[in-house]
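Structure first, then comments.
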Amino acid sequence: MKKYTGWIVLSTLILYLMSVAGWIPVLAPALAAWISNALMWRFIARNGQRQSTILMITGGAALLFAGTQGLWLPWQQIFAVNLPLLGMFVAVSFLALANVESEQKILPQGNRALVTTAFGSHLLGAVINLSVLFVFGDRLQRNGALSVSQRVILARSFSAAAWWSPFFVATGVALTYAPGLNWQGVLWPGLLMALIGIGLSILEVSLNRKAVFEGYPIRVESLIMPLFLAVAVMVAHSIWSGISVLVLICLLAPVGAMMFMRGGPDLYLVHEFINYKLANIGSQFALFLAAGIFSAGIKALILLYPNVFDLTGFEFDSWLFSVVLAVMITAGMVGIHPIVSVSVVSPLLLPLSPDPVRLGFLYLSCWAISTGTSPLTGVGLALMSRYQATAGAIIKNNWHYTVVMWGVASLVNAWVL
């Protein structure tokens, strides 16, 4: 059944694009998304099932209570709010088809290897997303483990792409939950934050490492794809400004993946990918659909009891930005996914009419810092399950980076934005 599930998952993307074009109602992709979620459910890790179930039950209970009080939200706000993100998930999944494996047997060493590994994992991760962590990690590991320096560089460098990459789901979340946000508005401060985060990590590792750093053998041609696609998104958005960045990514990612396949487009490999690998994004589908219900429940309670959640008298200034970011990062450290934090914070802050760029930068900063330093995000869980890291070690090696980058993000918000 998993073989056919991949095609139903793909239909979510196709039907979503057709609904954007106005050819079909949004009900069609929404149904495809929820059917896909049901089919992929048994392939999801138990922790993911539990978290998604809690979110759906909590959000559903809030919606039912609001309904008993006479407040019913439109079904689109409950079951289809994160549909653009799911379409993006499907689209960027195809980028895994672009092979970035290196055939070089001897690993490069020293400071140059440290720098190329950091920026290589960052640029490739900005497009290919989490799969690049496994490509690099599997090549660098010794006896199934990575050194502390390697874990730090890979996790932070990869996660820093959340600050700017249009192919990172964090950007999709920011565009969805910060209405009016222009992606270019957060691009340059995001690039600045990524450079600072990677630079600090390189400096820390170079000063504190106890052994020679072994890095990943980066091929120059493997960096062409992320640079090409990032530029393509910017150029396309400047030409067709009426088309959202999310839609452009949904269109460009699968095409770009086939363009950069080794040996050229291979329809057989694409067919096999859809049959056997596309259904592996079940955990993302479950979490984001559940987060949509949870966010709708929070919104319903806020509408029902506006005085309780009223932040009148507050302004989304630098102080509030710093406080909210600290709370969101702390929530991430204890295992609350950034999408959940965003779905809670968004309906509380939107009534303050915040600057969309500052609000989007808040969400991106939460995502980049949390995923790079928490043992309970996708990156942290990957390091623990695959490369013998421990939750205590991840926190110990990253808490100071978390504090520093929180402070830097607060300063950039106050002085640059």
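State which residue is nearest to VAL20 (Cα to Cα) when the search covers only segment 64-83 and only residues that are open to solvent by less than 80 Å² (accessible area, probe 1.4 Å) and among the aliphatic types (A, V, I, L, M).
The qualifying residue nearest to VAL20 (Cα to Cα) is LEU83.
Results for (1) at pLDDT below 90; (2) assigned to a helix (DSSP H, G or I); (3) of a type in the set (Phe, Trp, Tyr), shown as yes or no for each residue.
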| position | (1), (2), (3) |
| --- | --- |
| SER346 | yes, yes, no |
| ARG358 | no, yes, no |
| TYR363 | no, yes, yes |
| VAL379 | yes, yes, no |
| MET384 | yes, yes, no |
| ALA389 | yes, no, no |
| ILE395 | no, yes, no |
| ASN398 | no, yes, no |
| MET405 | no, yes, no |
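Within segment 50-58, can one find any residue that is under 24 Å from ASN129 (Cα atoms), open to solvent by less than 60 Å² (accessible area, probe 1.4 Å) and out of contact with any Asp or Glu (no Cβ under 8 Å at 6 or more places or on another chain)?
Scanning segment 50-58, I find at least one residue that is under 24 Å from ASN129 (Cα atoms), open to solvent by less than 60 Å² (accessible area, probe 1.4 Å) and out of contact with any Asp or Glu (no Cβ under 8 Å at 6 or more places or on another chain), so the answer is yes.
Let's see how each residue does on (1) farther than 30 Å from VAL9 by Cβ; (2) out of contact with any strand residue (DSSP E or B) (no Cβ under 8 Å at 6 or more places or on another chain); (3) not small (Gly, Ala, Ser):
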{"residue": "VAL270", "(1), (2), (3)": "no, yes, yes"}
{"residue": "LYS277", "(1), (2), (3)": "no, yes, yes"}
{"residue": "MET328", "(1), (2), (3)": "no, yes, yes"}
{"residue": "GLY332", "(1), (2), (3)": "no, yes, no"}
{"residue": "VAL344", "(1), (2), (3)": "no, yes, yes"}
{"residue": "ARG358", "(1), (2), (3)": "yes, yes, yes"}
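Being touching a Gly at 6+ places or on another chain (Cβ under 6 Å) and assigned to a helix (DSSP H, G or I), is that true of even one residue in segment 221-229?
yes
Pick from segment 205-224 the residues that are in contact with a helix residue (DSSP H, G or I) (Cβ under 6 Å, 6 or more places away or on another chain) and aliphatic (A, V, I, L, M): which of them is modelled with the lowest pLDDT?
Residue satisfying both the conditions and the ranking: LEU223.
Can you tell which of PHE228, PHE167 is within 13 Å of LEU123 (Cα to Cα) and out of contact with any helix residue (DSSP H, G or I) (no Cβ under 6 Å at 6 or more places or on another chain)?
PHE228
Of all the residues that make up segment 275-297, how many are in a helix (DSSP H, G or I), more than 21 Å from ILE339 (Cα to Cα) and open to solvent by 10 Å² or more (accessible area, probe 1.4 Å)?
1
What about LEU39, is it of a type in the set (A, V, I, L, M), at pLDDT below 90 and assigned to a helix (DSSP H, G or I)?
No; evaluated as a whole, the condition is false for this residue.
What tally of residues in segment 231-247 results from selecting those that are without any contact (Cβ under 8 Å) to a residue 24 or more places away in the chain and either in contact with a helix residue (DSSP H, G or I) (Cβ under 9 Å, 6 or more places away or on another chain) or surrounded by 15 or more Cβ atoms within 10 Å (Cβ to Cβ) (or both)? Break it down stepwise before answering.
If we filter segment 231-247 for residues that are without any contact (Cβ under 8 Å) to a residue 24 or more places away in the chain, which is where we start, we get 231, 235-236, 238-243.
Checking the rest, the ones that are also either in contact with a helix residue (DSSP H, G or I) (Cβ under 9 Å, 6 or more places away or on another chain) or surrounded by 15 or more Cβ atoms within 10 Å (Cβ to Cβ) (or both) come to 236, 238, 240, 243.
Number of matching residues: 4.
Right, LEU383: open to solvent by 30 Å² or more (accessible area, probe 1.4 Å) and touching a residue at least 40 places away in the same chain (Cβ under 8 Å) or not?
no
Being modelled with pLDDT under 85 and in contact with a helix residue (DSSP H, G or I) (Cβ under 8 Å, 6 or more places away or on another chain) is true for just one of PHE89, PHE94. Which residue is that?
Working: PHE94 fails: modelled with pLDDT under 85.
Selected residue: PHE89, the only one of PHE89, PHE94 that is modelled with pLDDT under 85 and in contact with a helix residue (DSSP H, G or I) (Cβ under 8 Å, 6 or more places away or on another chain).
The values are calculated or read from the model by the stated rules, or taken from the named source; none is laboratory data. Small disclaimer: the values here were computed from a predicted structure and weren't measured. Neighbour counts are summed over all protein chains in view; Cβ atoms, including those assigned to glycine, are modelled from backbone coordinates with ideal geometry. What goes into the accessible areas is simple: the full protein's heavy atoms, side chains included, and nothing from ligands, DNA or RNA. Shrake-Rupley method; radii C 1.70, N 1.55, O 1.52, S 1.80 Å.
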